[in-house]
Amino acid sequence: MKKILLSFVALMVTMSAFAELKTAKFDFSNPTSMGWTGATTGTAAQIKDAALTVGDVNITVAKDASSPLNKVRFATTAGVVSLKYGTGAALAIETSVGNIRSIKVDGENVGAEDVTVDAGTWAAGSWTGSATKIVLTQTGSAATVNSIEVVYQIEDKEDDRPLGEKESYVAVTWAKVSDGIDDVSGEEKFKDEWTFSNEFANPVLTDGACTVTYSTTHITGVSVSGATAKTCDATSVTEWNEMKFELKNHLNDNTSDLHYGIALGTGNPVSGYEIEPVYKEGALQSYRQTFHKMNPEYDHKAAYQASQTGEPYDVPQYLENNYYYWKPGCGQLPAQGLYHKFTSDADGQLKIFVWVNKGNRNTFLIDEETRDIVPFKVEGYMNNQTNADGTKKFLTNADIEVLNDPAKPYVIAGTQAGGQPFWGNIIYNIKKGQTVWLFQDSSQIGFHGFEFAPFTDGTGIENVEAAEATKVAPKKVFKNGQIMIGDFNIAGQRVK
């Protein structure tokens, strides 16, 4: 039977504004970075009616304590400046451009027993929720705060330019093929056949990475699957475990006529690796590969040496769950492990069809230049979501937001729906010349393919650089009522 190449049309949805997550960090050791020009010691260091500002976020005094020693103020100890305030004082953290999603306070006496909040959830120096303004009231002992990091969500204006002709790439195709004759019924049997594209069937294998490069007219994609070391000597990996993408975790439903094949690689994204000795009772046993984690705050060498010597390594922020994985603002890009990246030579809408396993892993789309998060939307099928007739229900971004936990803004697979597998599109308005990286911090994201549609000027004409026009044979013809040079008019515009 003829193989069927599926498109993404089943997942079309009207676009709305994109939500962008930004981070504002108040480093109180540097008061001038937030607009403070006053003193950093004594009564003149009291904040009073002033506003401390970083980006789109302000911190003001919502309520001051009566005692001068408990008022909200800058203080200098051993040459280091911090923010101090006592029992009864309250800070207001506010943004006018969207909603605050999380707050992290680094300091002393900022735990659950020390602070109350007027909205959301406070625990262990961290706030989660969704609000334009949050008031933190100090109910415990006096606080000394080194920094406050605020993650807030803003709404980008919708890009309402019409979309031009779509182009797509599929990594795994599906076909229903003959499987012989049934011995009992005498009728022909059929089976599902999943096939890699030529690019995924012939990856480049090198130094612990399985690399696949593919492209359409405007998009160039690269998918990398990482490998772990099988054996090492004192300086290098001498043999790697198998490097590959696998055919697995497909969306396959004959009732709903949905057949999306998935290419799944291996490895958590890391920024590199090194070789370390392994000791037992003081004696060298072997060598192993250890990875450089994506969070630069994690001192791997110190932790490893402590584990070998038995010395304590009790630094609280290192003990948090997933402390060594990628986090917003870390400024890192993967060098190994599983990731995908896409580069566009035109403005347009990019849809990347993925498989995400369960709703407890963060999914990040990162701009290569800024190395920070870019906003995206999602649409697709979440396991156990069905229509009244029993067919699988494809959800819009708004549907999925209802199923997700607002306290976990980077999780896209229904944390409030039991954490279910997800098949669908990550949607992003990519810019000409931009490269974005897609990965999960502590898991593997499956890849089916992508669809791209360039923005046009509304007439079906896509603007292109004159240099691109020179790629077309310079034969002048009359087409679509215009003098043409190949597929381009004399203004250097491609006419569809």
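The values are calculated or read from the model by the stated rules, or taken from the named source; none is laboratory data. As the structure is a prediction and not an experimental result, all values here were calculated from the model. Cβ atoms come from the backbone with ideal geometry, glycine included; neighbour counts cover every protein chain shown. Only protein heavy atoms, including side chains, enter the accessible area calculation; ligands, DNA and RNA are left aside. Shrake-Rupley method; radii C 1.70, N 1.55, O 1.52, S 1.80 Å.
Its relative contact order, with pairs defined as Cα atoms under 8 Å and 6+ residues apart, puts segment 168-264 at 23 percent.
If you look at the Cα atoms of segment 7-152, you get an Rg and a Dmax of 17.3, 68 Å.
With 20 Å as the limit on Cα-Cα distance, the pairs of Lys191/Lys248; Lys25/Lys377; Lys25/Lys358; Lys63/Lys84; Lys341/Lys377; Lys25/Lys351 that go past it are Lys25/Lys377; Lys25/Lys358; Lys25/Lys351.
The alpha carbon radius of gyration of segment 203-287, expressed as a multiple of 2.2 N^0.38 Å, is 1.56.
Annotation: per residue accessible area for segment 139-255 equals 54 Å², rounded to a whole number [probe 1.4 Å, protein chains only].
For Val222 and Ser185, the difference between the fully extended length at 0.36 nm per residue and the C-alpha to C-alpha distance is 8.6 nm. Across all directions, the shadow cast by the convex hull of segment 138-229 built on its C-alpha atoms averages 18.1 square nanometres.
Placing pseudo-labels 7 Å out from each Cα toward the beta carbon at Asp159 and Lys244 gives an inter-label distance of 3.9 nm.
Go through Ala75, Leu91, Ile154 and say which Cα lies farthest out towards the positive end of the charge dipole of segment 72-190; charges sit on Cβ, +1 for Lys and Arg, -1 for Asp and Glu. Value computed over the given set: Ala75. Per residue, the convex hull spanned by the Cα atoms of segment 363-454 measures out at 119 cubic angstrom. Segment 54-98 and segment 230-297 have their alpha-carbon centroids 45 Å apart.
Between Thr76 and Lys432, the contour length at 0.36 nm per residue exceeds the Cα-Cα span by 123.4 nm. Among the GluC sites (Glu not before Pro) in segment 200-297, those located in a DSSP loop and surrounded by at most 14 other Cβ atoms within 10 Å of their own Cβ are Glu242, Glu281, Glu297. Given a 1.4 Å probe and the protein chains as shown, Cys232 ends up with an accessible area of around 30 Å².
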